[in-house]
C-alpha cells in the first residue's frame, strides 16, 4: 500500500506527454522534498484534460496526505487545474477581488486587464491563495477533504521555485513537524563494475540506516549513503563509519567523495607535485585532452596534446618509427609506448599518456577486435603499458569515453603511489 | 476515465524520487510515442520498493493497454522490476539459458560471471525477452492478463534507446495498426538565435497542420514540422512544402534535415572533395578534434590536431613566432592565423582551423573579456579570420562548445561556396 502520509507530485501539461520538454519541475520538487526529509513515493504526469486530471486527483486523495501540482494555472483556455480541482471535490469557484487588484498592479496602469487573467482570480471556496511575486497566476493551498491537501503551483519554473521558497516550504515544515531529516553523501568508484562492486558488499546494500545504493554510469559507479535522523549532526554520525568502511573495502577504486571528477583530481595531484602532463591520442581523437581542459585551471599543469589520427602524423610529430607501425600495427603496445615517449620529449612534460585503439564501427579483426585499446603512461621514473578490451558490442563513443576514464584513472593510481 | 487503450510510461528508481536525476527517459519515450501517434495519457515514477511498485502495476493494468517501464533491471539487489512484475501477476520466474550465454559472451572469456548477473537471466514464465545488444540486462515483453502488456526496458538511456529501435517500435506498430499517423521532420539551423528565428516566422509558428515548433540548444535551433494524417504519404505531402518554405527563408542557416551533425556534414563535404583537415586548438582544449572524431569514418579526411594549451607549444610545434605572441597576445587574430598556417604546413592538410580564446572562469580583462575567441580557417585558395564574443556570463564549457559549433559552421560555409 502507498503510505497515506506521503507527499505526491503531479505535473500537468500536454507538452510533457508529447515529450517536448524535460520534467525539470518534478526533479526540483523531489530534491526539495528529500532535503526537507518528507516522504515522497510517487510522481505522476497528466495532460491538459479535465477528465483524466480528475481521476488522478481522486486517486491521489486516497493515498497521500499532500499533493503538489504544477502547471495549468495560466490564463489560456487549456489551463484547467483550478476549475478541475474545484469540480473534483464538488466546490464552487469564488472570485477573489484582492487577486484581481494584485494582477492589475503587475500590468502597466494604462493596460486593460485581459479577461483571461480574471480567470486566475477565481479560487475554490475555502482555498488559501499563494502569492506569486514574479508572475500573474497565484497558487492554491486547499484541504478539500480530511487529511488531504492540494498545493497548486504554476508550471513556470522560476515562479514555482519562488513560491516554494516564500510560502510552501514553511507551510510543509509546520504540517510535518516530526519528520526525520535525510542526509546523504555520494562516493565515486572506478575500475570496478557495478555488479562486482555489489557482490563485495551484499550486507551493506541491505542495511537500513544508513542505506547504501549503487548507481552506474559509463566507467564509473556511485554509492549513495543516505541516513534518516532527527538532526543533521546525527545523520553525519551515521554516515561517517559507513563511508570509512566502504573506502577501506574498495581502496583505490574509490576516487572521490564529492563532485570532483577524475580529471580535476589528477589536475590537483599534479599541481601539488608541480608536475606537467601532455597526451598523445589516436582513437580517442582529442577527447582525453578535451576532458582534462573542461576543468578550470587545467592550464596550470596540462601543456597540450597531439591528436595523431593518421600514421604519418604519428611518425612526423611524435617520432614513431615507421618500422614499429609496420611490424606491430598502429594499435599495439610498442606504438603506444613510442607515442608516449615522443610526446613527453616534444612537449617537455613530466608525464605523458598515449592512447591508440580501435573505436569502430569498422577496423576490427579477430586478433585486434573493436574495443581493443593500448595505453602507455610515462613519467620521469615510472611507466606502464596497459591493454584493454572494452568489448566489440560497444559503440564508438562509449569506447572513446571508457578509454578516457581508464587513462585518467591509471595516471591517478600512479600519482597516488 | 482513463482510456484503457493507451500506452502508459512508468519510470522506476529511487534516484528519481530523490531528485538526483532528470527523468530524460520519460521525455524520450513520450516523444517516440507521439511520433508513432500512440495515445499516451499518463506517466508515473515510483521508487525501488516492491510494494509500491506492485500497486502501480495493478493500477496501470486496469487503465492501460500497454505499460512501458524503465529501470530496475540491473544486477544489484535493489533492482526489483522483473521479480515484482512476476509476483504482482502471480507468476514464477524461469531462468533462460540463452540469456546466460549471451551475458557471458559480453565479458572477457577469462572473466567469471558474477552471480548477480545470473539474476538478469530470470524472466516471468511466458514472457518474451528483448535482446540488449549494448548491455547485459535483457528487456521483457509480457502479457500477464488479457488486454494488458508490460514492456520492461533498462534505465540506462543508451541501452533503452537501442532496444526501442531494434524491437519495441515494430512491436507497437503491429499492436496498434489503426492509429492516426504522426509524421514529423526536424530541420536544424545554426548561426541564428531561437528568438531571431521565431521573429521571422510568426504565422508559420501558429500553423495547424503541419505544426512547426522551435527547440533551442547551445549554438543550434531546431524546427520540428509535425503533420497528422491517415497515411505516411499524406503526411510527407503536408510536410514537404513547409520544409521548402523554411529552407528558403533561412538559406544557409539551415544545415541539416536529419540526424546529421555539423561535424558529419563537414566530413561528407571534405570526402566528396577529396580534401583533408587538421585543427590547432587552444581554449577548446581538444574538443573540436573530439567532436570531429566521434563521427565514424572521420579518419578518411581528418588527419589530426594539436592542443597547444601553452605558448611554448604554440611556438615549438606550430611555429608561432614569440614576437607575435608578445605583441598581440596569445588570444589575437594574428596568433590564430599563425597557428592555422603552422598547423596546415606541419600536418600537410588541405584545410586547417585554429582556435584561441578565453574560456574562463579566469583570464579575462576589459579589452579581452571572457568569451572572446579568435578563429582562423585556412584552405588552399581561401582563408578567413573570425572574432567572436560569446559573452562573459557564459560558463567555460559553454564557451568551449559554442566555439566548436562556430568553427565547424564557418568551415561548412566555406566548403559550400
Open item on the list: Out of the residues in the range A:40-60 meeting the condition of being within 7 Å of another protein chain (Cβ to nearest Cβ) and more than 22 Å from residue A:172 (Cβ to Cβ), tell me which one is surrounded by the most Cβ atoms within 10 Å (Cβ to Cβ).
Closed with: A:46
TODO: Considering (1) in contact with a strand residue (DSSP E or B) (Cβ under 6 Å, 6 or more places away or on another chain); (2) closer than 17 Å to residue B:18 by Cβ; (3) within 12 Å of chain A (Cβ to nearest Cβ), say which one residue B:70 fails and leave the rest.
DONE: (3)
Open item on the list: Would you confirm whether or not the range B:28-38 contains a residue that is more than 8 Å from chain A (Cβ to nearest Cβ), over 30 Å from residue B:235 (Cα atoms) and at pLDDT below 95?
Closed with: no
TODO: Out of the residues in the range B:228-243 that are within 15 Å of residue B:207 (Cβ to Cβ) and touching a residue at least 24 places away in the same chain (Cβ under 8 Å), state the one that is surrounded by the most Cβ atoms within 10 Å (Cβ to Cβ).
DONE: B:235
Open item on the list: So for the range A:276-287 (the condition being out of contact with any helix residue (DSSP H, G or I) (no Cβ under 7 Å at 6 or more places or on another chain) and modelled with pLDDT under 95), does at least one residue qualify?
Closed with: no
- [ ] Determine whether residue A:219 is over 21 Å from the mean Cα position of the chain (by Cα) and either more than 13 Å from chain B (Cβ to nearest Cβ) or in contact (Cβ under 8 Å) with a residue 12 or more places away in the chain (or both).
- [x] no
Task: For residue B:291: the one exception among (1) in contact with a strand residue (DSSP E or B) (Cβ under 7 Å, 6 or more places away or on another chain); (2) modelled with pLDDT of 95 or more; (3) crowded, with 21+ Cβ neighbours inside 10 Å - done: (1)
Task: Unique residue being within 21 Å of residue B:300 (Cα to Cα) and either in the same structural domain as residue A:289 (by TED's automatic domain parsing) or not in a helix (DSSP H, G or I) (or both) when the list is A:370, A:377, A:386, A:353 - done: A:370
Task: Sole exception among (1) buried (at least 23 other Cβ atoms within 10 Å of the Cβ); (2) over 22 Å from the mean Cα position of the chain (by Cα) for residue B:153, by number - done: (2)
TODO: Kindly indicate the residue of the range B:1-15 that is touching a strand residue (DSSP E or B) at 6+ places or on another chain (Cβ under 8 Å) and facing chain A (nearest Cβ under 7 Å) and also surrounded by the fewest Cβ atoms within 10 Å (Cβ to Cβ) among those meeting that condition.
DONE: B:15
- [ ] Return the only residue of A:142, A:164 being touching a strand residue (DSSP E or B) at 6+ places or on another chain (Cβ under 9 Å), within 26 Å of residue A:15 (Cβ to Cβ) and within 14 Å of chain B (Cβ to nearest Cβ).
- [x] A:164
Task: Wholly enclosed strands (runs of 3 or more DSSP E) of the range A:85-152 bearing at least 1 residues over 22 Å from residue A:68 (Cβ atoms) and at pLDDT below 95 - done: A:93-95
Task: Scope the range B:11-37; condition more than 22 Å from the chain's Cα centre (by Cα), on the phi < 0 side of the Ramachandran plot and in contact (Cβ under 8 Å) with a residue 60 or more places away in the chain; matching residues - done: B:12, B:14
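From the list B:99, B:103, B:181, which residue is in contact with a helix residue (DSSP H, G or I) (Cβ under 7 Å, 6 or more places away or on another chain) and crowded, with 19+ Cβ neighbours inside 10 Å?
B:103
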Task: Selection from the range B:187-208 of residues that are touching a strand residue (DSSP E or B) at 6+ places or on another chain (Cβ under 6 Å) and either farther than 22 Å from residue B:252 by Cβ or in a loop (DSSP other than H, G, I, E, B) (or both) - done: B:190
TODO: Go through the range B:389-417 and give me each residue that's assigned to a loop (DSSP other than H, G, I, E, B) and either closer than 22 Å to residue B:221 by Cα or under 26 Å from the mean Cα position of the chain (by Cα) (or both).
DONE: B:390, B:391, B:392, B:393, B:394, B:395
Open item on the list: Among the residues in the range A:201-214, are any under 17 Å from residue A:247 (Cβ atoms), crowded, with 19+ Cβ neighbours inside 10 Å, under 21 Å from the mean Cα position of the chain (by Cα) and more than 11 Å from chain B (Cβ to nearest Cβ)?
Closed with: no
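Restricted to the range A:364-396, and to residues that are more than 28 Å from residue A:349 (Cα to Cα) and touching a residue at least 24 places away in the same chain (Cβ under 8 Å), which residue is farthest from the other protein chains (Cβ to nearest Cβ)?
Ranking the candidates gives A:368 first.
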Open item on the list: Can you confirm whether residue B:83 is within 24 Å of residue B:157 (Cα to Cα), surrounded by fewer than 23 Cβ atoms within 10 Å (Cβ to Cβ) and without any contact (Cβ under 8 Å) to a residue 40 or more places away in the chain?
Closed with: yes
Open item on the list: Quick check on residue A:67: is it at pLDDT 95 or above, within 31 Å of the chain's Cα centre (by Cα) and surrounded by 14 or more Cβ atoms within 10 Å (Cβ to Cβ)?
Closed with: yes
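The values are calculated or read from the model by the stated rules, or taken from the named source; none is laboratory data. Since the structure is predicted, the reported quantities are computational estimates derived from the model, not experimental observations. Ideal geometry is used to build each Cβ from the backbone, glycine not excepted, and the neighbour counts take in all protein chains shown.
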